[in-house]
């Protein structure tokens, strides 16, 4: 009759594998996302938005996710740059005036005033819109293959026949 040795050790190893591999997958996702983020920074026309481009990762039991986002002070401008804006009217909201007229708001240099380039422009102004300056999607389109290669390289350095390396040494000695 045939017998097998090491069954218990194999089961233990297989049960521990997901917990060992998820940090590697998360790191690989981050590695690929950094390639995209760098390209997006290179393509961005606003320094405020460029400085806000960040990579973050998350993981659950089934997947690792990396996101390239714009965070911080200039984040609200990112969609305007990426997609542009259509023609629109700008005015000071009555709830923000505090009973003051537009000229008085402008004289006191309060937020919401309609002074453009140092000139009083009146109660409302028609903004002509802004043309788009896409930076996120073109970055993904241009660097997709490089990002995948970066993620694969990260995995290759950490997954070896000898085991999984969860630190940045990559198993190299």
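The values are calculated or read from the model by the stated rules, or taken from the named source; none is laboratory data. Since we're looking at a predicted model, the values are computed, not measured. Ideal geometry is used to build each Cβ from the backbone, glycine not excepted, and the neighbour counts take in all protein chains shown.
Details
- Among the conditions (1) closer than 27 Å to residue 50 by Cα; (2) modelled with pLDDT of 65 or more, residue 115 misses just one, which is (2).
- Test: residue in region 135-152 that is surrounded by 12 or more Cβ atoms within 10 Å (Cβ to Cβ), assigned to a loop (DSSP other than H, G, I, E, B) and at pLDDT below 85: no
- The one condition in (1) exposed (fewer than 14 other Cβ atoms within 10 Å of the Cβ); (2) within 14 Å of the chain's Cα centre (by Cα); (3) modelled with pLDDT under 95 that residue 89 fails to fulfil: (2)
- Among the candidates 36, 53, the residue that is without any contact (Cβ under 8 Å) to a residue 24 or more places away in the chain and buried (at least 17 other Cβ atoms within 10 Å of the Cβ) is uniquely 53.
- Scanning region 1-45 for residues that are in a loop (DSSP other than H, G, I, E, B) and modelled with pLDDT under 95 turns up 1, 2, 3, 4, 5, 6.
- Once region 153-164 is narrowed to residues that are in a strand (DSSP E or B) and in contact with a helix residue (DSSP H, G or I) (Cβ under 7 Å, 6 or more places away or on another chain), the residue that is modelled with the highest pLDDT is 159.
- Subset of region 60-71 [touching a helix residue (DSSP H, G or I) at 6+ places or on another chain (Cβ under 9 Å) and either surrounded by 15 or more Cβ atoms within 10 Å (Cβ to Cβ) or at pLDDT 95 or above (or both)]: 64, 65, 66, 67, 68, 69, 70
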